[in-house]
Amino acid sequence: MKQFLVDIALPVPLDKTFTYITPPELQPLAKAGSRVLVTFGKKTLSGVIVGFPAVAPVQGLKPLIDLLDAEPTFSEEMLRLTRWMSEYYFAPWGEVLKAATPQGLTIERTRHVRLAVEDIRSALEATKRTAPKQHAILAALQHGNDLTVAQLQKKTRASRIHAALHQMEQRGWITVEEIAKPRAKPKLEKFVQLTDGGKGSLYQLDASTDEKSGRLPPKQRALLLALSGAEQRQRVQGVLKHAGASLSTLRTLEQKGLVAITLREVVRESEYEPIEPPPHITLNQYQQHAVQTIAAAIQEVRYKTFLLHGVTGSGKTQVYIETIRLVLAAGKTAIVLVPEISLTPQTVRRFKAHFANDVAVMHSRMSVGERFDAWRLAHEARIKIVIGPRSAIFAPLRNIGLIVVDEEQEASYKQFDSTPRYNARDVAIVRASNTKAVVILGSATPSAESYHNALSGKYEMLVLPERVDNARLPSIEIVDMTKERKWVYEELKKEVKERQGEFPKRLPIVSISHVLKDKIRQRLQNNEGTILLQNRRGFSHVVECYDCGFVEQCDNCEVTLTYHVTKKHLRCHYCGFVKKPPTVCPKCGGIEIRFHAFGTQQVQQELQGLLPEARLLRMDLDTTSRKGAHNRLLMEFGTGKADILLGTQMVAKGLDFPRVTLVGVISADTQMLLPDFRSAERTFQLLTQVAGRAGRSDLAGEVIIQTLRPEHYSLKHVVSHDFPGFYREELEYRRELDYPPFSRIVLVEFKGEKENEVDHHAKKFGEFLQPSAGKYFTVLGPAEAAIPKIKNRYRTHILIKNFKSTDPSGSQLRTALVKARQQYEASALSKNKKIQLTIDVDPQGMM
């Protein structure tokens, strides 16, 4: 008899699929894209059916354990997309599919323990003195015959019971079974509604009704009255609260046939409901042209990518809304990607004001249940628009007509810390190409790659050169902090001379210039808003001994520790290492400990001292870790409950507050000084974006940028709002050095606990790769990474520049990399599992 075979992609770090036999009872439901349970070694894993081979590749194939889906989780279109991602980003297909699976659908495995012995008394007696832990387990199971291992640990108050369970299972006293189930399931709530008998009883209710006369008692009467006039079912919890009654009273009415209680599915709703209806907006000529051009491509049902390049405040979001309106009218769906979760509240409210319940939100700060519901709404075609950060690109919408990538230049679209290391912007373009959809890449400061693609004709550029409602671009002033420090020094000298005091041994560290301080005071007097950017959280990034220059570093990583004043500790932002700040220098015993390179906490402290009357909000990773924190902080600032919003780069993009007339950049050098070829571009983008938060209404805006390098070319172009000028200069620099967009970059990283082993593995991989280098690509390294050690693991990099002029698709490099990896895996080196190899295609950071 011919076997029914399936190929399964499993979430394991192996670049291959695995073949299984489908049992007869599961064959009718086995479809491509369906999730299944299989045994893999000693484990039970969930995977996805991706093919149906005709011939078994090996003997002794295992059968599927079970099918998890009545209908496939992944459509053919999503299988095609994830397969492309697997090949392009050198990631196992199963791990890509895992990344595309929402958390609510992932399988949670729990071990359940049941009694198997009939004579429980004999077992209890046998273990009473000799095996107290086993005795406690049997006693717990006696009253609850099916308990999880975690429940048993809690009941027996023993954390280590696995050995005892193994011995008891061998003696035949218990059975231990692993049960797999989804992490989330539909939320059900009880609803109640009057029956015809209950409606009839309402007419008989009067003040004299009591129990003695055989009529309804007061609480039952109150419940019926609470339900009167309601045509639809009501939540039981709300009705009981309103009537001041208990569930038992409601059950009594149900037994009398007066009410009907049913379980109904409810959707876990997001917190981003619109505050007010959308205002009527008339598009200007540039917006109208953009909408009409995009509409033509939508009507032709053909793939096309548009770069919507508009200055900050030019109305790009309104263009998105109008084009989505056209897409929905054509019976299609849309995805809107935003780079930061912090941008989600304002964006979602605006879209919900226009499209109401057609909008769903997907992001990692939502609960598992909320994400599960959002995914199901999209999968079941109950909503038509999905909004979220990069993972929203996997939304299971059908018939996609439009994908919007807002702030397309943002590095946060790139997943950098886990497999697959994909860029959601590029995945969006491939997905649109597969589905004949339109892509809008929106930005005031497009990436060098996207801008070059538009100039070369690969994308079509649409320009919004003016702000809406005749709002003016803000004026920008550069403050040289070197001169500021000299000014502070001279002022301090005058003060010391006037009071005939002693000059202090150490000068005060100043993060707020006198120019910026005066500008903030003016806004406080005018009741206007201020946004301050300091792109570094914590209190101080460098803790240094003033006497000998010793700097506190992480024990596990070769980076400085950051002081956090709230918890009064030093923390590593790479591995989480924490230690107490020193009171004396561990090297020389000195007591002059200085805090340099200020973070948001230190700026906040300084502002509170300078401007005690100001109401200040801080927005960084430390203050937004809790669910809903982004939304709460932005609501407080937007409604005028705070005067100043201080934060990291999450305050720099996409926020639209008409009352903000001043933006201050505490230090423009944070990004500028990084050893990365994109540092100048990132500086220009960040400063232009944050400057755009000012003057977005009829109130004039002003921007103060503090820096130690006022002569840097990126700042020159920021001040003059000269985007084309900056990119002409930047692209010429990139062309000379063969950096993107003129090449494709691949970063190969080796990581391990022993430095010499890491170097050896990297050197050998480079040797496997080097014979193919030359016409199509060049290999640089191996070399020590910019941060040589993170989490006690040494890092060595190989940098590959793939020339687009000779290898436009990257196929030659891909072939060479696959061959080099195969040679590496076939060598004795691959047996060392302590060395980790990572291939990162199109990395956004070189650190």
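Remarks
- Descending by average beta-carbon neighbour count within 10 Å, the peptides 634-640, 404-410 line up as 404-410, 634-640, the highest first.
- Cα centroid of the range 22-57 to Cα centroid of the range 624-666, whole Å: 49 Å
- Highest mean first, the peptides 788-800, 449-461 sorted by other C-beta atoms within 10 Å per residue fall in the order 788-800, 449-461.
- A dipole drawn for the range 255-341 from +1 and -1 charges on Cβ atoms has a positive end, and of Val311, Gln287, Val327 the residue lying farthest that way is Val327.
- Cα gyration tensor, the chain - rounded (a/c under 1.5), prolate or oblate: rounded
- FRET efficiency for Lys62 and Asp656, using Cβ-Cβ distance with R0 set to 56 Å, rounded to 0.05: 0.50
- Model label points for Gln237 and Ala163, set 7 angstrom from Cα along the Cα-to-Cβ axis, are 4.5 nm apart.
- Isolated Cys in the chain, by beta carbon distance under 4.7 Å: Cys575
- Electrostatic dipole magnitude of the range 580-701 [Cβ: Lys, Arg +1; Asp, Glu -1; Cα centre; debye, to 20]: 380 debye
- Cα-centred dipole magnitude for the chain, charges only on beta-carbon of K, R (+1) and D, E (-1), debye, nearest 20: 2320 debye
- DSSP bridge analysis restricted to the range 324-459 gives an antiparallel fraction near 5%, rounded to the nearest 5.
- The range 50-119 shape via C-alpha gyration tensor axes, a/c threshold 1.5: prolate
- Heavy-atom accessible area order for Arg425, Arg626, Arg350, largest first, 1.4 Å probe: Arg626, Arg350, Arg425
- Each of Ile179, His712, Leu97 was scored by the projection of its Cα onto the charge dipole of the chain, and the greatest displacement toward the positive side belongs to Ile179; charges sit on the C-beta of Lys, Arg, Asp and Glu.
- Accessible area in square angstrom per residue, the chain, 1.4 angstrom probe: 48 Å²
- Each peptide in 377-386, 148-157 receives the mean, over its residues, of other Cβ atoms within 10 Å, and ordering these scores from highest gives 377-386, 148-157.
- For the residues Tyr733, Tyr320, a 1.4 Å probe over the protein chains yields an accessible-area ranking, largest first, of Tyr733, Tyr320.
- Annotation for Ala139 and Lys483: the two label points, set 7 Å from Cα along the Cα-Cβ direction, are 8.1 nm apart.
- Rolling a 1.4 angstrom probe over the range 732-820 with all protein chains present gives an accessible area of which 47% lies on carbon and sulfur atoms.
- Expressed as a whole percent, the accessible area of the range 7-152 that falls on carbon and sulfur atoms is 53 (1.4 Å probe).
- Cβ-Cβ distance of Asn792 and Thr815, R₀ of 41 Å, FRET efficiency by 1/(1 + (r/R0)^6): the value works out to about 0.70.
- In Å², nearest 10: area of His760 left accessible to a 1.4 Å probe: 90 Å²
- Over 26 Å between alpha carbons, listed pairs Lys763/Lys789; Lys316/Lys641; Lys185/Lys833; Lys775/Lys833: Lys316/Lys641; Lys185/Lys833; Lys775/Lys833
- Farthest toward the positive end of the dipole of the chain, out of Gln167, Gln237, Trp84, is the Cα of Gln167, where the dipole comes from beta carbon charges about the Cα centre.
- Between Leu283 and Leu737, the simple spin-label model (points 7 angstrom out along Cα→Cβ) gives 4.0 nm.
- Within the straight-line cut-off of under 20 Å between alpha carbons, the aspartates and glutamates reachable from Lys31 are Asp7, Asp66, Asp69, Glu71, Glu76, Glu77, Glu95, Glu380, sequence neighbours fewer than 8 places apart in one chain being disregarded.
- Cα centroid separation, the range 454-506 to the range 701-732 (Å): 12 Å
- Beta bridges per DSSP, both residues in the chain: antiparallel share near 60 percent.
- The chain - mean residue ellipticity at 222 nm from DSSP helices (-39,500 (n - 2.57) per run, n ≥ 4, rounded to 500): -10500 deg cm²/dmol
- Solvent exposure ordering (accessible area, 1.4 Å, most first) of Trp487, Trp173, Trp84: Trp487, Trp84, Trp173
- When only the Cβ of Lys, Arg, Asp and Glu is charged (+1, +1, -1, -1), the dipole of the range 413-520 relative to its Cα centre reaches about 280 debye.
- Ligands, DNA and RNA left out, the 1.4 Å accessible surface of the range 283-342 is 51% carbon and sulfur atoms.
- Within the shell of other residues whose beta carbon sits under 14 angstrom from the beta carbon of Gly257, the net charge comes to +1, with Lys and Arg scored +1 and Asp and Glu -1.
- Between the range 117-140 and the range 361-414, the C-alpha centres lie 53 angstrom from each other.
- The heavy atoms of Ser159 present about 90 square angstrom of accessible area, all protein chains included, probe 1.4 Å.
- Prolate/oblate/rounded call for the range 797-847, Cα gyration tensor, a/c under 1.5 rounded: oblate
- Pairwise FRET efficiency - Asp555 versus Arg171, Cβ, R0 = 45 Å, nearest 0.05: 0.40
The values are calculated or read from the model by the stated rules, or taken from the named source; none is laboratory data. Just so we're clear, the structure is a prediction, and the values are computed from it rather than from any experiment. We place every Cβ from the backbone using ideal geometry, glycine too, and count neighbours over all the protein chains shown. Just so you know, the surface numbers come from the protein's heavy atoms only, side chains and all, with ligands and any DNA or RNA stripped out. Shrake-Rupley method; radii C 1.70, N 1.55, O 1.52, S 1.80 Å.
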